[in-house]
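Structure first, then comments.
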Amino acid sequence: MKQQSIKISIILLIVFSAYFLCSAFVKERSVSFTEPEKALKNVDEDILASISAEEKGDQALYFFIDSKHNLGAAKLHKGLLGWKVIQSRISPVRTNLPNDILSNIATEGDLVYGLLPNEENQSIKVNGIDAKWIDLQSKLGVKAVQYHVDQLALWYFQGKDSTQKNVILFNEETKKKLDERSVY
């Protein structure tokens, strides 16, 4: 009798374990996609344009513009079942940048990013290290005009997470500091 109850317990344990494994697989599959862009669309259907910034192995960094003209950043991971968003943040895009252009900065952990007028001879340094630039007109084409970002560049810096980040905009020709901002 006791042996039969142990067998029933083991069978029930196997059945419940199989059920939970199948449920976890189905759930993971529903948020994993063959392409990073599809994973982004799954998180927010209002994404109008996605901008690939970096893809290294099973990690990717994307920026995106949503239907409310907000700029967002997303970190993605490629697992066994495909790409899924592991972190996402949206911040307002200012297409009419004020004179105080470095006020348009967003931070998320080790990532700092923003928009600037796309002008030659400018560079951004974050804690003394050059930020990367993406010319939105060349990256998005016609969509850049449609979303009013054709005269803008997206800059970003991803480094060690620190409490304070010192962001400096330089004119490369004159080596003159045009603007400076500390962000947390």
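What to note about this one:
- Mean Cβ neighbour count within 10 Å, used as a protection proxy, ranking 40-47, 54-61 highest first: 40-47, 54-61
- Listed residue pairs exceeding 20 Å between alpha carbons, taken from 139/165; 68/160; 56/160; 41/165; 38/132; 125/160: 139/165; 68/160; 41/165; 38/132
- Projected label points at residue 34 and residue 130, each 7 Å from Cα along the beta carbon direction, are separated by 3.8 nanometres.
- At R0 = 41 Å, FRET efficiency that the Cβ-Cβ distance of residue 145 and residue 80 yields, to 0.05: 0.55
- Euclidean distance between Cα centres, the range 109-175 to the range 44-95, Å: 16 Å
- With the simple model of a label 7 Å out from the Cα in the direction of the Cβ, residue 121 to residue 177 spans 2.0 nm.
A short reminder: the numbers here are calculations on the coordinates, not readings from a lab. Since the model is a prediction, treat every value here as computed from it, not as a measurement. Positions of Cβ are generated from backbone atoms using ideal geometry, with glycine treated the same way; all protein chains shown enter the neighbour counts.
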